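As structure tokens, the structure follows; a few thoughts come after it.
Taken together, the values in this text are just the output of simple stated rules run on the coordinates, not laboratory data. The structure displayed is predicted, hence computed values, not measured ones. So basically every Cβ, Gly included, is an ideal-geometry build from the backbone, and we count neighbours across all protein chains shown.
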Amino acid sequence: MNSHLLQQVSELTVEDQLALVEAIWDGIVRNGDAPQPTAALKAELDQLLAEHDASPNDVLTWDEVEAAAIARMRQ
């Protein structure tokens, strides 16, 4: 990796670094070069889908998810 470029990026704000990462990722996806999910990730997604299919009403509302996330961040 180009150390000069890395140094320039490290001088950006966190918000700008995240925006850059997002722009880079969007470009990768747009070019069709996004990596495929691993076998482990596919298995985990299949398990989560099976759990949802078995209990489709066992879900949280967005408000519940948001409240739990905020509570975790405050700990």
Could you say which residue among 54, 71, 34, 40 is aliphatic (A, V, I, L, M) and either surrounded by 10 or more Cβ atoms within 10 Å (Cβ to Cβ) or in contact (Cβ under 8 Å) with a residue 40 or more places away in the chain (or both)?
-> 34
Collect the residues in the stretch 50-67 that are over 18 Å from the mean Cα position of the chain (by Cα) and either in a helix (DSSP H, G or I) or among the hydrophobic types (A, V, I, L, M, F, W, C) (or both), keeping them in residue-number order.
-> 50, 51, 52, 53, 54, 59, 60, 63, 64, 67
How many residues of the stretch 14-31 are loosely packed, with under 10 Cβ neighbours inside 10 Å and either aromatic (Phe, Trp, Tyr) or not in a helix (DSSP H, G or I) (or both)? The answer is 1
Counting only residues that are surrounded by 10 or more Cβ atoms within 10 Å (Cβ to Cβ) and out of contact with any helix residue (DSSP H, G or I) (no Cβ under 9 Å at 6 or more places or on another chain), how many does the stretch 57-68 have?
-> 5
